[in-house]
Each structure stands twice: as structure tokens, then as C-alpha cells.
Amino acid sequence: MSSGFKNAFAALKQDLLAPEGPRISTMRNYRFAILPYPPEREFEVRRQARQLSDDLKVKHGWEILDVDLHACLMQRLRTRLREDERKSLVDSEHRFAARNNDPLRPLDRLRGPLSRLLEGEQGLAGDVIRQIGEFAERHPDRQDSTLIWIRRLGALYPFVRTSSLLRHLDGKTFQMPVVLLYPGEHIPPTGLSFMKELEPDRDYRPRIYSMLTESR
């Protein structure tokens, strides 16, 4: 793992364990941070995040919530679409892919029906908000010793934009630190390109722990 990659996680850990409480953001009521990484380094990120979680739990007594967006996506597809509807979408994608050399075009064909199912406050954001709310009820008064990971974001490409997800989560995380593991490219100072494919979104409010972050 590169030194820049290690430095990003080291800086995050240092800020989480700050003596005055987690300081991953300058705003206490907006404790969001984003850790971007190249999509091809997904498994390295999982290992590093797991190591940080274990350290926080074992050595510092923290509570950890791991929100898996791929699991949220599959659960929503299973519960919100009938079996015949799911089969129809899959069959349609396979037929369209067989007629096209561009692998992204079949995904674009699915963008409409899946975006309507996943986008908005009643979409995946609502599922994440419910998980966080239930977790907060089980662990009251632990805002300064809790970490929420939001990961497996790549499963949502190209159906959901990260900026939209964060907008709906704003104000609904009970002031607990939330870190989004973001497969994509950091375009300094505040731009992010999802999966290094989409045009950069440059209006992110959360702090970005870039791979170029130096540990302090």
C-alpha cells in the first residue's frame, strides 16, 4: 500500500481520536468525511477499514456501524420488485448487451427504472437513515465514540450520485461520525469523479481524506 494511502487512513484515525472528540469536520452537526480511492484498490480499502475498525473497538471501546450499500441495493430489489419484474430487467439487459459492444450502454438502459427505485429520500438514502437511526437508539450518548462506515458504493454506479445520497443524509445521522469510502478520483480541492468515469462533482461539503493527505 502506498504511503499516501496509509497517510489518508492515519489522518482519519488521528482526527477520530482527537482529545476534544472526533474532528473529521469543522461542523459538529455535519460529521461527514469522504475517503476516495482508485476503484481497483477496493480490497485494500476493505482491509484497511477493517483494521481501523478493530483498533477502535478493541483498544478504544468504540461502536462501529458498517453500512453495506450493495446489501441495501439487493434487499431493495428483492423487496420492491416482483420476481417477474426482476427477471424482465435482467433479460432485457442481457439481450441489449448482446447487441452492443459498449458495456456501459446496457447499464444506461437500466438507469431509468433503477434510479426511480433508488434515488430520493425514500430510496436507498431512506434505508441508510433507518439503519443509522436504529443504531443510534441502541447506542445513545456515544456520538464521540462511534464510527459509521458507508461502503460498497461502487454497486450503485451509474444509478445513484453520491452527492444526492449525502444531501438526504444531512441532519439525520445523530451527530455521529460518518465516513464514506468512495471509489473514484479526487479532483482538488473538493471535486470527486465517481468510479473515475462520471464528470467531477465539485460541490462536496464533507472533508475529503485524499490519498495525498499527510498525517499530522
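Keeping to the range 19-32, report how many residues are buried (at least 19 other Cβ atoms within 10 Å of the Cβ) and either in a helix (DSSP H, G or I) or among the hydrophobic types (A, V, I, L, M, F, W, C) (or both).
Matching residues across the range 19-32 total 2.
Name the one entry in ASP127, ASP201, ASP102 that is over 22 Å from PHE43 (Cα atoms) and at pLDDT 90 or above. Even if it seems obvious, please write down each step before you answer.
Numbers: ASP201 fails: at pLDDT 90 or above; ASP102 fails: at pLDDT 90 or above.
Only one candidate passes the filter, namely ASP127.
Does GLN48 satisfy the condition of being polar (S, T, N, Q), surrounded by 20 or more Cβ atoms within 10 Å (Cβ to Cβ), out of contact with any Ser or Thr (no Cβ under 6 Å at 6 or more places or on another chain) and not in a loop (DSSP other than H, G, I, E, B)? Outline the logic, then answer.
Values: polar (S, T, N, Q): yes; surrounded by 20 or more Cβ atoms within 10 Å (Cβ to Cβ): yes; out of contact with any Ser or Thr (no Cβ under 6 Å at 6 or more places or on another chain): yes; not in a loop (DSSP other than H, G, I, E, B): yes.
Yes; evaluated as a whole, the condition is true for this residue.
Identify, from the list LEU35, LEU65, LEU69, LEU16, the residue that is surrounded by 19 or more Cβ atoms within 10 Å (Cβ to Cβ), aliphatic (A, V, I, L, M) and more than 30 Å from LEU117 (Cβ to Cβ).
Of LEU35, LEU65, LEU69, LEU16, the one residue that is surrounded by 19 or more Cβ atoms within 10 Å (Cβ to Cβ), aliphatic (A, V, I, L, M) and more than 30 Å from LEU117 (Cβ to Cβ) is LEU16.
The values are calculated or read from the model by the stated rules, or taken from the named source; none is laboratory data. Since the model is a prediction, treat every value here as computed from it, not as a measurement. Please note: Cβ atoms are built from the backbone with ideal geometry, for glycine as well, and neighbour counts cover all protein chains shown.
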